[in-house]
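One structure is given below, encoded as structure tokens.
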Amino acid sequence: MGKPLIAGNWKMHGTAESARKLATQLSQHRSQDAVAEMIVFPPLLHIPAVSDILATSSISIGAQNVSQYSNGAYTGEVSAEMLLDQGCKYVLVGHSERRAVFGESDQTVAEKFRAAQNAGVIPILCVGESFSQRQQDATLEVVAKQISAVIDLVGLDKVCQSVIAYEPVWAIGTGETASPEQAQEVHAAIRTQLGKAGRSTTLLYGGSVNKGNAAELFKQPDINGGLVGGASLEADEFMNIAQLVEA
Ligand code: PGA
């Protein structure tokens, strides 16, 4: 059984002030001995301020993106080591917005995964099918291929030491969510692909998670928590969802 985890992806929203406010609200309400680990993923520029606020809390910090390169002449990039230096324990790799809008290939995602792990930052590998791929019944194949690309580069054991988030592209930011059965089917397939070493890998579901649909999703045997976008921007809503991971 994977360790329970609740992650909030703030995407490219807010200001330094709103990030500080949200972090302060979360740190005031999150108990030190909560069972699930809570992680927030602020915009990169807001990470130092959020990191200061959360330093004495039990809430971890992650980044939304990382360079596949470790250092050097890569204008505009941020390395995994720099993220670690700013207090990031986790980083998202392969989010569907990075894949679709910024053209990140399976190979690039795998290289980012490797760069993160090499620096000691835990990658959260995001995978998921588009609406047309689901209609063509290709969901399990698409997800397996996205994961295989990383296994091919770093090996199965390293992938099992990470976190994997299944996020159907058609459910992200749309208000539409996979049914608990649809989500569980994919999570079970991922668990099977990982084999024995993946029994304790944390698998998250993401895609329009809110306090109304989270309970049923998190009850599924192979879902260990959630990666929440829109609903993580409001402290009360995110705290409510977090409680459902622990229910
Ligand atoms: P959403 O985003 O909860 O707003 O659908 C999820 C994600 O992109 O990780």
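The values are calculated or read from the model by the stated rules, or taken from the named source; none is laboratory data. Remember, it's a predicted structure, so these values are computed and weren't measured experimentally. Positions of Cβ are generated from backbone atoms using ideal geometry, with glycine treated the same way; all protein chains shown enter the neighbour counts. Ligands, DNA and RNA are excluded from the accessible area calculation, which covers all protein heavy atoms including side chains. Shrake-Rupley method; radii C 1.70, N 1.55, O 1.52, S 1.80 Å.
Among the residues of region 67-113, those identified as touching a helix residue (DSSP H, G or I) at 6+ places or on another chain (Cβ under 6 Å), within 16 Å of the ligand (Cβ to nearest atom) and not polar (S, T, N, Q) are VAL91, VAL93, GLY94, GLU104. Residues that are among the charged types (D, E, K, R) and either at pLDDT below 95 or away from the ligand (no atom under 12 Å from the Cβ) (or both) within region 212-245 comprise GLU216, LYS219, ASP222, ASP236, listed in sequence order. The residue that is surrounded by the most Cβ atoms within 10 Å (Cβ to Cβ), counting only those in region 57-71 that are without any contact (Cβ under 8 Å) to a residue 60 or more places away in the chain and closer than 18 Å to MET12 by Cβ, is VAL66.
Within region 129-161, the set of residues being of a type in the set (S, T, N, Q) and away from the ligand (no atom under 16 Å from the Cβ) comprises SER132, GLN133, GLN135, GLN136, THR139, SER148, GLN161. Checked against (1) over 28 Å from PHE102 (Cα atoms); (2) surrounded by fewer than 22 Cβ atoms within 10 Å (Cβ to Cβ), ALA49 meets all criteria but (1).
The sole residue among MET38, MET1, MET82, MET12 that is at pLDDT below 95 and either within 15 Å of the chain's Cα centre (by Cα) or not aromatic (Phe, Trp, Tyr) (or both) is MET1.
Counting the residues of region 60-78 that are assigned to a loop (DSSP other than H, G, I, E, B) and under 17 Å from GLY229 (Cβ atoms) gives 2.
Restricting region 114-137 to residues that are within 17 Å of the chain's Cα centre (by Cα) and within 20 Å of HIS187 (Cα to Cα), which is most open to solvent (accessible area, probe 1.4 Å)? Before you say what the answer is, go through the steps one by one.
Narrowing region 114-137 to residues within 17 Å of the chain's Cα centre (by Cα): 114-117, 120-129.
Filter once more, so that each one left must be within 20 Å of HIS187 (Cα to Cα): 122-129.
Details: ILE122: 50, PRO123: 1, ILE124: 0, LEU125: 0, CYS126: 3, VAL127: 4, GLY128: 9, GLU129: 0 Å².
Looking at residues that are within 17 Å of the chain's Cα centre (by Cα) and within 20 Å of HIS187 (Cα to Cα), I get ILE122.
Could you list all residues from region 181-202 that are open to solvent by 10 Å² or more (accessible area, probe 1.4 Å), assigned to a helix (DSSP H, G or I), more than 16 Å from the ligand (Cβ to nearest atom) and not hydroxyl-bearing (Ser, Thr, Tyr)? Scanning region 181-202 gives GLU181, GLN184, GLU185, ALA188, ALA189, ARG191, GLN193, LYS196, ALA197. Contact map, region 157-179: residues that are open to solvent by 40 Å² or more (accessible area, probe 1.4 Å) and modelled with pLDDT of 95 or more paired with residues that are assigned to a loop (DSSP other than H, G, I, E, B) and within 13 Å of the ligand (Cβ to nearest atom), Cβ distance under 7 Å, separation 6+ or inter-chain. Pairs shown: VAL169/GLY128. Being at negative phi, hydroxyl-bearing (Ser, Thr, Tyr) and open to solvent by less than 40 Å² (accessible area, probe 1.4 Å), is that true of even one residue in region 13-26? No, the conditions are met nowhere in region 13-26.
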